[in-house]
Amino acid sequence: MPTHIGEVIESKTTQFICQATELHRAPDFGSFVQVQDEHCSIVGVVYNTTTVSSDPSRKPVAYGQTEDELRRQQPQIFQLLRTYFDVLVVGYYQNHQYCGFLPPQPSRIHSFVQQCSDGQYKEISQNINYISAILSSGCECTDELVAALIRNCSRYHDDATEYQRRVGSELRRLLAADYERFKTIIRRVRQ
Amino acid sequence: MKGRIVRGSISTGVEVKLDPQYTVEDVKVGNFAVIEGRKYRYFSLVSDVKIESTNPAMLVDSFEDEDELAREIIVGDSIFGNISLNPMLMADKEQVGETRAVRTIPPHSSPVRTATDEDVAHVFGSPDNKVFFSMGTPLEMDSPVCVNLPKLVERCSGIFGKAGTGKTFLTRLALAGITKSQAAVNLIFDAHNEYGWEATKEEDRGDGVLQESHVKGLKQLFPSRVVIFTLDPESSRRRGAKFDHEINLAHSQITPEDVLLLQSQLNLNSTATETMHLLSGKMGAEHWFGLLAEMAAEEMKDYAEEHGLHLGALQALQRKLKRVYDLPFMKDKIPFDAVDKIMQYLNAGKHVVIEFGSTQLLGYMMVTNILTKRIHAEYVRRMEKYQATRENKPPHLVISIEEAHRFLSPELARDTIFATIAREMRKFNVTLLLVDQRTSGIDSEVMSQIGTKIACKLDDESDVNALLTGVHDAKNLRNILYSLDSKQQALILGHAVPMPVVIKTRNYDAQFYNEIVETNYQENDKAFNEMVNDMYNDDEEI
Ligand SMILES: Nc1ncnc2c1ncn2[C@@H]1O[C@H](COP(=O)(O)OP(=O)(O)O)[C@@H](O)[C@H]1O
Ligand SMILES: [Mg+2]
């Protein structure tokens, strides 16, 4: 079983927030993660990562030194720092079957979170419902997120071009009323 | 071409979204397309090709290099070829049977495809040189498009198009078809010596230099069935063209009406018209022309005084009629009446070509008019007799005239024999084949009587309008007409074809000669074999 990279600390049906197991070791923007669960592992996409002090009264300040120097001279300040990442739910596994829609229950607090395998990437992205889930989520930088996901996912498909066209068509359908936005996203998919 | 129906109505036709792998360039106006409905198969012509999109913003996008993916996604699917079709015929999909006029349209998203050879044969029949005669092929296809010859001759038909578009060649084809099939007997007024014996054909060798070659006339293709009369034996001899008889007209055959047809050529005013009628009344219809033409100055003065006529008017008339009098084939006396002889041939099922040699328009018009009038009168007489006795029905006659608008202009049309024939339709078993480059010069009433129209390219809007007056679906056909190539392409519509169709005209060449003559040999062989068999059988019986 692959090791977990985070733990759920806040949860609702459409999103959850995790604390990364190690400082600065959150999964990439636009990558798929899943909440470990025997019956129903919830799948989501990482859309935001934050690193802040865990003690609200002790905020980081600028020292004018490199990270290496700081780690040597003041290791305690790194003890206070935490990395969090936000995940948008796009589907879940039930009986090893991927469903591209919201799970009946949100993930439980303190569940462990792990990165999705290559096989899962292929399986999840085969179902292009994730596009509409992201576009309608209202979370920050949806356009960047969609583009990043398409870029990531197309690597897992034998015919990447064909995959991009397929997802692109879905995107065009969803953004029928906003052609400029469609193009803004598509430009970020393939340079 | 492949696509799917996206919308449509009976009145405006249906629209097709092209499948993404095809572009508008794969479809051309006039192409023959088939729609597979659920119950019926629909046959239609492409009447318009458009670029459409689901979003107007896409249309103005120029798709820069960095938008390659966007272009791949959008073009073909969101920006797509939209084809307008007007379904004209439908047929049951289950039974391969009769096609009929459309009374409904195919359901949404029915697949559309280019017609196949079977489709063309289904709609237009397979050539048999009896009923179905191949006139060409649909654009970009090789299967023959046939006209129904009995239907073609049943009503008047017309071959139109501006100069050099292939009217004469189409007419040759049609005449050869009629002759071959015996659907009718032909009487051809061959103004430019193109149908009887050999004619020249100009062809671009490919480097802009015109090269002359010869094409065969009807007489060469059907030597035993075609008779050539000429008005200008000198010209025939010069051209090395064979002819069977010479035609002359006698002064006694000219009536004031015949001269009136030449009103504009002779510049006759109303006084001249009146004077002619007066003279013919006083001198007799058979004598007035000869007498007036040969009247000396003194004589004329006396005659005018005696009969209270205006001398100046008489003199002017004489002067003007001199051009008619001077026509080389005008004779005081003639050895035989051409009409009798022509009628004999026609009755025997022979086809008659009347060549004019170097005769000018004036002579052409006069002879054509006079002969047609008399032959028509003869037909009326014989048909009436036939109706009484039910015996000796004269064969169906098709009279072909070039420069048809000269005889059927709106000013003249009501009175000329040709308008009469056009109006009568097939009552007396005579119909016309008009060949002309100016449809707008033909009386609209006559145009509306034309059953089958074969149209090559027409540029002039008034000509296109004239051609399409009274035609159903004129709007769509107009696009097709304008899109025709300027050579060897034609739109056929009307009585002789189940639906309008654009063809690349069949080549009139050695291959055609063989095809049309060859079957003849076969027929002969068959007849010969039958004869031999009969003899053999007879022997056995003894
Ligand atoms: N069916 C055809 N077969 C062969 N050549 C053709 C055919 N139709 C047209 N052409 C070519 O086009 C030229 C013009 O055709 P023509 O019938 O004389 O035109 P029009 O009578 O309309 O002035 C001919 O000289 C010939 O080279
Ligand atoms: Mg011609």
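Run the accessible area of region B:2-115 with a 1.4 Å probe and give the carbon-and-sulfur part as a rounded percent.
50 percent
Highest mean first, what order results for B:214-220, A:73-79 on Cβ atoms within 10 Å?
Details: B:214-220: 19.6, A:73-79: 10.6.
Peptide ranking by packing, descending: B:214-220, A:73-79.
Please list, by residue number, every one of the GluC sites (Glu not before Pro) in region B:396-455 that is coil in DSSP and has at most 16 other beta-carbon atoms within 10 Å.
Counting only loop positions with at most 16 other Cβ atoms within 10 Å, the GluC sites (Glu not before Pro) in region B:396-455 are B:GLU411.
Using packing as a proxy for protection, rank B:272-281, A:136-145 so that the peptide with the highest average count of other Cβ atoms within 10 Å comes first.
Top of the packing list down: B:272-281, A:136-145.
Hey, with R₀ at 45 Å, roughly what FRET efficiency would A:ARG155 and B:ARG7 work out to, going by the Cβ-Cβ distance, to 0.05?
Result of the calculation: an efficiency of 0.65.
Peptide A:157-166: average number of partner chain Cβ atoms within 10 Å per residue?
Per residue, the number of nearby Cβ atoms from other chains is 1 on average.
Inside 10 Å of the C-beta atoms of A:172-184, what's the mean count of C-beta atoms belonging to other chains? Don't jump to the answer; show the numbers that get you there.
On the way: counts 8, 3, 0, 1, 3, 2, 2, 11, 2, 0, 7, 10, 0.
Counting Cβ atoms of other protein chains within 10 Å of each residue's Cβ and averaging gives 4.
Please report the spacing between the Cα centers of region B:57-99 and region B:133-158 in Å, no decimals.
A separation of 31 Å, based on Cα centres.
Show log10 I(q)/I(0) for the protein assembly as shown at q = 0.06, 0.07 Å⁻¹, two decimals, from a solvent-free Debye sum over equal Cα scatterers.
The computed values of log10 I(q)/I(0) come out as -0.59, -0.69.
Relative to a virtual label point 7 Å from the Cα of A:ARG181 in the Cα→beta-carbon direction, which members of region A:79-108 show backbone nitrogen distances below 19 Å?
Of the residues in region A:79-108, A:88-89 have backbone N under 19 Å from the label point off A:ARG181.
Dipole of region B:126-191, Cα-centred, from +1 at each Lys and Arg C-beta and -1 at each Asp and Glu C-beta, to the nearest 20 debye?
It comes to approximately 200 debye.
Sorting check: for A:22-32, B:97-107, which peptide has the highest mean count of neighbouring beta carbons within 10 Å, and how do the rest follow?
For the peptides A:22-32, B:97-107, the packing ranking is A:22-32, B:97-107.
Could you report the accessible area of B:GLU203 in Å², rounded to 10, computed with a 1.4 Å probe on the protein chains as they sit in the structure?
That residue has around 80 Å² of solvent-accessible surface.
Alpha carbon centre of region B:277-348 versus region B:161-210: separation in Å?
Going from one Cα centre to the other spans 36 Å.
Spin-label point model (7 Å from Cα, Cβ direction): what's the B:SER252 to B:ARG113 distance in nm?
Once both label points are built, they end up 7.1 nm from each other.
If you average the alpha carbon positions of region B:230-268 and of region A:121-139, how far apart do those two centres end up, in angstrom?
88 Å
I want to make sure I understand the PRE zone here: with the label point 7 angstrom from the Cα of A:LYS12 toward its beta carbon, which residues in region A:134-159 have backbone N atoms less than 12 Å away?
Under cut-off, by backbone N: A:138-139.
How many nm separate the modelled label positions at B:GLN315 and B:GLN344, each set 7 Å beyond the Cα in the direction of the Cβ?
With each label point 7 Å from Cα toward Cβ, the separation is 4.7 nm.
Distances longer than 25 Å among the Cα atoms of region B:2-115: what percent of all pairs is that?
27 percent
So for the protein assembly as shown, taking the charge dipole from beta-carbon charges (+1 Lys/Arg, -1 Asp/Glu), which of B:LEU85, B:THR12, B:LEU484 sits furthest toward the positive end?
My answer, from the dipole projection, is B:THR12.
What does the charge dipole of the protein assembly as shown about its Cα centre add up to, to the nearest 20 debye, if the Cβ of each Lys and Arg holds +1 and the Cβ of each Asp and Glu holds -1?
I would put it at about 1260 debye.
Would you mind classifying region B:99-219 by shape? Square roots of the alpha carbon gyration tensor eigenvalues, ordered a ≥ b ≥ c; an a/c under 1.5 is rounded, otherwise it is prolate if a/b is larger than b/c and oblate if not.
The shape class here is oblate.
Roughly how crowded by other chains is peptide B:485-492, in terms of the mean Cβ count from those chains within 10 Å of each of its Cβ atoms?
For peptide B:485-492, the averaged partner shielding equals 0.
Treat chain B as a sphere of radius equal to its Kirkwood radius over Cα pairs and apply Stokes-Einstein at 37 °C in a medium of 0.692 mPa s; give the translational diffusion coefficient in µm²/s, rounded to a whole number.
So the translational diffusion coefficient is about 124 µm²/s.
The values are calculated or read from the model by the stated rules, or taken from the named source; none is laboratory data. This is a predicted model, so every value here is computed, not measured. Methodologically, a virtual Cβ is constructed for each residue, glycine included, from the backbone with ideal geometry; neighbour enumeration extends over all protein chains shown. Heavy atoms of the whole protein, side chains included, go into the accessibility calculation; ligands, DNA and RNA do not. Shrake-Rupley method; radii C 1.70, N 1.55, O 1.52, S 1.80 Å.
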